[in-house]
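The values are calculated or read from the model by the stated rules, or taken from the named source; none is laboratory data. Keep in mind that what you see is a predicted model, and the values were worked out from it rather than measured. Virtual Cβ from ideal backbone geometry, glycine too; neighbours counted across all protein chains shown.
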């Protein structure tokens, strides 16, 4: 039996809330954070919707009690807000004798600033303070220094599955006996780079996205950060954990850099591995928080993989990207937090804007808020560019 | 369980792709930035496919293929990569096209290949590998974190055969950016006299280094990976020294047991002083000292080049003349090599290799 690893705290900031409580209330009320872009500087403003957090960088810094300074990226500001909350929520003292690590996923990283100043970087010295934070690790190091984490400080970039992999990695480091506690999650700010990237791939919907709907026509980007505190039994000391990470599966679709195979081979294997590892059968899954980007390709491929694994008895499934947009490197962790909330509040989050079932599938996503169905095991999917697929299983303690 | 290096593939600014050679001949450059030589190796792909791959994916694929062929161990159970800078060329290409085309009509390929996992997933696609695949991206720790993951996978029995890679590419623009932070020499220097320049800055470099790691020895085994450790935010020489000492102790070793240290000397007077201070504090006279960054340049996963060199040295029981700074006088056999790298005296990393058998 591998060592049990629990989630003892969560922190999250997204377009539907600055913290756990606000995100919970927005999920309960079916709030969508997708709307017109107001802060990001882009020519697509007014044309492409996104789930933007309505705080300026200065306001985010204020929320952290920090002065706004050169070199401090939006990615890092979001990260620190969510990581602070996770540690507070877990009521753990990071200064105690246990070895604490940090694993953070990010894919946009410093690009959120580089895209503004890149030509200065190349031609003059006016923006040098930002160059240091140009890669993915700047936000991770800011969290580590703020929280005093030194034992192991790591960043993962597997595109859209980055922070699901950060959680998996944290569980593995605890089980390997290398760390006693891990703050794991991810962060990504909205950027012109990614907005244009998905737009040019022609998978960006000009309307608010419609995951698992027959009329779906692409994703909307969002931004946010989410972190979870992972701990084994020995560090709990009387604190009640929120739930347990019982399974994970990391596989590669090995089909195409951006598209999933039509039959969803990698997605199927990720889910299957995660369930096997958690020791539960498909019938025991109470809820699937799907990757559900609302692109034609993802939802078909993921849907086929779900049917392959669950047969005709597909559990309630929904995409909270209909609330938050696709937060890329932060998605896996934010959706893990929503899965924790699903277990704690015995609730299945509705898939917003769903009207018409997909012709190719026999199941449809959960349309309504379902309370009291006895949520015990949640499967959370995160699939990324390059076919990097990760599924997590979170279980009620 | 022993963690064995059973195959290597190294594409670098030196002719390192040929595993039958070991730095007998090294390339001299007069430059501030050095780049990989194109390997004279059949990539095993058709021309059309090859043309579509960018340089990073092509060189990375070739390095991994050399490694897999060298090990002869078949399709790996997992592909774990580390890269500090990531997909530099395609990221800047996509960004510059956004500016030029005013966010309109952009070719998507550079965007698709702009994330750190582009190479790891490309290798998976080419191998038809459906299994574990993770890309570590933490600056100067990226390769060490990937190595630690690989060790965990083998020790836990999850995997028997891991393809591990450390890579970074340098471009003119990336060189300019990082140069603004004072990291590179002001004038071109000979890489072969890098450690005698007495000035600040290093030479920029790059490399694609892959390893096949397995839980047991084979006829191909180069060396055993004993341990790896990273020290985050440790800007004090004495604390870094203590960190290295406890790293050796947890492996049952004293500094006297280390025959050779491969130090990440990079020609920057301040950076090199940290190495010299830490090593002088720890190791007795007669410990061998070798360096490698004059061969490949400075980049965030340069420690992967050092692990390649250390693995080859332990197998051949030879330290290449081109790497020697101080010869070891205490003993002839090479049993342990400690690779010590640091980034600006802040973040330190250690990799310990032992002779196989």
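Residues that are within 18 Å of the chain's Cα centre (by Cα), crowded, with 21+ Cβ neighbours inside 10 Å, in the same structural domain as residue A:38 (by TED's automatic domain parsing) and within 18 Å of residue A:319 (Cα to Cα) do occur in the stretch A:195-217. Counting only strands (runs of 3 or more DSSP E) that fall entirely inside the stretch B:246-347 and contain at least 2 residues that are at negative phi and crowded, with 22+ Cβ neighbours inside 10 Å, the qualifying elements are B:260-263, B:288-291, B:336-343. Counting only helices (runs of 4 or more DSSP H) that fall entirely inside the stretch A:1-118 and contain at least 2 residues that are over 27 Å from residue A:170 (Cβ atoms), in the same structural domain as residue A:229 (by TED's automatic domain parsing) and free of Cβ contacts under 8 Å to residues at least 12 places away in the same chain, the qualifying elements are A:20-29, A:57-63.
Residue-by-condition table, conditions (1) under 25 Å from residue A:155 (Cα atoms); (2) surrounded by fewer than 21 Cβ atoms within 10 Å (Cβ to Cβ); (3) at pLDDT below 95:
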position	(1), (2), (3)
A:27	no, no, no
A:52	yes, no, no
A:55	no, yes, no
A:74	yes, no, no
A:96	yes, yes, yes
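Here residue B:111 meets the list (1) facing chain A (nearest Cβ under 7 Å); (2) over 18 Å from residue A:387 (Cα atoms) almost entirely, failing just condition (2). So, of the residues in the stretch A:254-267 that are within 10 Å of another protein chain (Cβ to nearest Cβ) and at pLDDT 85 or above, which turns out to be surrounded by the most Cβ atoms within 10 Å (Cβ to Cβ)? Going through the qualifying residues, I end up with A:266. Residues in the stretch B:170-224 that are within 14 Å of chain A (Cβ to nearest Cβ), touching a strand residue (DSSP E or B) at 6+ places or on another chain (Cβ under 8 Å) and part of a loop (DSSP other than H, G, I, E, B): 2 in all.
Among the conditions (1) more than 14 Å from every other protein chain (Cβ to nearest Cβ); (2) modelled with pLDDT of 95 or more; (3) in contact with a helix residue (DSSP H, G or I) (Cβ under 6 Å, 6 or more places away or on another chain), residue A:65 misses just one, which is (3).
Within the stretch A:135-158, residues that are closer than 15 Å to residue B:81 by Cβ and within 7 Å of chain B (Cβ to nearest Cβ) reach partners that are in a strand (DSSP E or B) and at pLDDT below 95 with beta carbons closer than 8 Å, at six or more positions or on different chains, in the pairs A:158/A:384; A:158/A:388.
For the condition at positive phi, within 14 Å of chain A (Cβ to nearest Cβ) and modelled with pLDDT of 95 or more, residue B:60 does not qualify. Does the stretch B:150-158 contain any residue that is more than 9 Å from every other protein chain (Cβ to nearest Cβ), more than 23 Å from residue B:34 (Cα to Cα) and crowded, with 18+ Cβ neighbours inside 10 Å? Looking through the stretch B:150-158, at least one residue is more than 9 Å from every other protein chain (Cβ to nearest Cβ), more than 23 Å from residue B:34 (Cα to Cα) and crowded, with 18+ Cβ neighbours inside 10 Å.
Considering (1) in contact with a helix residue (DSSP H, G or I) (Cβ under 9 Å, 6 or more places away or on another chain); (2) closer than 26 Å to residue A:105 by Cβ; (3) outside any strand (DSSP E or B); (4) more than 8 Å from every other protein chain (Cβ to nearest Cβ), the lone condition that residue B:165 does not fulfil carries the number (3). For the stretch B:123-138, the set of residues classified as within 7 Å of chain A (Cβ to nearest Cβ) and at negative phi consists of B:124, B:125, B:129, B:130, B:131, B:132, B:133, B:134, B:135, B:136, B:137, B:138, listed by residue number. Among the residues of the stretch B:227-240, those identified as surrounded by fewer than 18 Cβ atoms within 10 Å (Cβ to Cβ) and at negative phi are B:235, B:236, B:237, B:238, B:239. Could you tell me whether residue A:129 is within 11 Å of another protein chain (Cβ to nearest Cβ), in a helix (DSSP H, G or I) and either surrounded by 24 or more Cβ atoms within 10 Å (Cβ to Cβ) or touching a helix residue (DSSP H, G or I) at 6+ places or on another chain (Cβ under 7 Å) (or both)? So residue A:129 fails the test. Within the stretch B:159-167, does at least one residue satisfy the condition of being surrounded by fewer than 20 Cβ atoms within 10 Å (Cβ to Cβ) and touching a strand residue (DSSP E or B) at 6+ places or on another chain (Cβ under 8 Å)? There is at least one residue in the stretch B:159-167 that is surrounded by fewer than 20 Cβ atoms within 10 Å (Cβ to Cβ) and touching a strand residue (DSSP E or B) at 6+ places or on another chain (Cβ under 8 Å).
For the stretch B:34-55, the candidate set comprises residues that are within 17 Å of the chain's Cα centre (by Cα) and touching a residue at least 60 places away in the same chain (Cβ under 8 Å); within that set, the residue that is surrounded by the fewest Cβ atoms within 10 Å (Cβ to Cβ) is B:35. Evaluation of residue A:120 against the conditions (1) more than 7 Å from chain B (Cβ to nearest Cβ); (2) over 14 Å from the mean Cα position of the chain (by Cα); (3) surrounded by 23 or more Cβ atoms within 10 Å (Cβ to Cβ) shows that the sole unmet condition is (3).
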